[in-house]
1. Taking DSSP loops as anything outside H, G, I, E and B, show the longest stretch in the chain free of GluC sites (Glu not before Pro) there with at most 13 other beta carbons within 10 Å.
2. Do any trypsin sites (Lys or Arg not before Pro) in the chain lie in a DSSP loop with no more than 15 other beta carbon atoms within 10 Å, and if so, which?
3. What number, rounded to the nearest 500 deg cm²/dmol, is the helix-based mean residue ellipticity at 222 nm of the chain, given -39500 (n - 2.57) per DSSP H run of at least four residues and division by all its residues?
4. Between Asp75 and His10, what is the label-point separation in nm under the 7 Å Cα-to-beta-carbon projection?
5. Under the definition of Cα pairs under 8 Å and six or more residues apart, what whole-number percent is the relative contact order of the chain?
6. Can you give me the orientation-averaged projected area of the convex hull built on the Cα atoms of the chain, in nm²?
7. At 7 Å along Cα-to-Cβ for each site, give me the label-to-label distance between Glu55 and Arg3 in nm.
8. Compute, for the chain, the length of the dipole vector about the Cα centre, with Cβ point charges of +1 (Lys, Arg) and -1 (Asp, Glu) only. Units Debye, rounded to 20.
Amino acid sequence: MARCDTCGNHYDKTFTVTRGEERGTFDSFECAAQAMAPDCAHCGCRILGHGVEAEGSIFCCAHCARAVGEHELVDRA
Ligand SMILES: [Zn+2]
Ligand SMILES: [Zn+2]
C-alpha cells in the first residue's frame with residue numbers, strides 16, 4: 001500500500017509521476033494535477049494542457065500571456 005502525496009490516502013492502486021527531478025506518488029489524477037501541474041502566471045488556473053511559455057513564465061493561454069505584456073503569442077483556434 002502506498003500513500004498519496006497530496007491527500008494522504010492509503011491506496012493499493014497508486015501511481016507515480018515524474019517530471020525532471022520532481023517525483024510524486026498519487027491515488028488519482030486529480031491529486032497528481034494538484035501537486036504537479038503548473039499554475040497560470042496571470043489567472044492562476046491549473047494548466048492541464050500544453051499551456052503557453054513566455055519570458056520564463058507559463059500561462060494557460062495566449063490571452064493570459066498577452067495580459068502581462070507578451071504580444072507575440074497567438075492561440076491557434
Ligand atoms: Zn490523493
Ligand atoms: Zn490564465
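1. The reported range is 22-54.
2. Lys13, Arg76
3. Computed mean residue ellipticity for the chain: -4500 deg cm²/dmol.
4. Distance between label points: 4.5 nm.
5. That works out to 18 percent.
6. Details: hull surface 24.1 nm².
Result: a mean projected hull area of 6.0 nm².
7. 4.2
8. Values: 7 positive and 12 negative charges, 40 e Å.
That gives the chain a dipole magnitude of about 200 debye.
Each value in this text was obtained by applying a stated rule to the coordinates, not by laboratory testing. Bear in mind the structure is a predicted one, so any value in this text is a computation, not a measurement. All Cβ positions, even for glycine, are placed from backbone atoms using ideal geometry, and neighbour counts span all protein chains on display.
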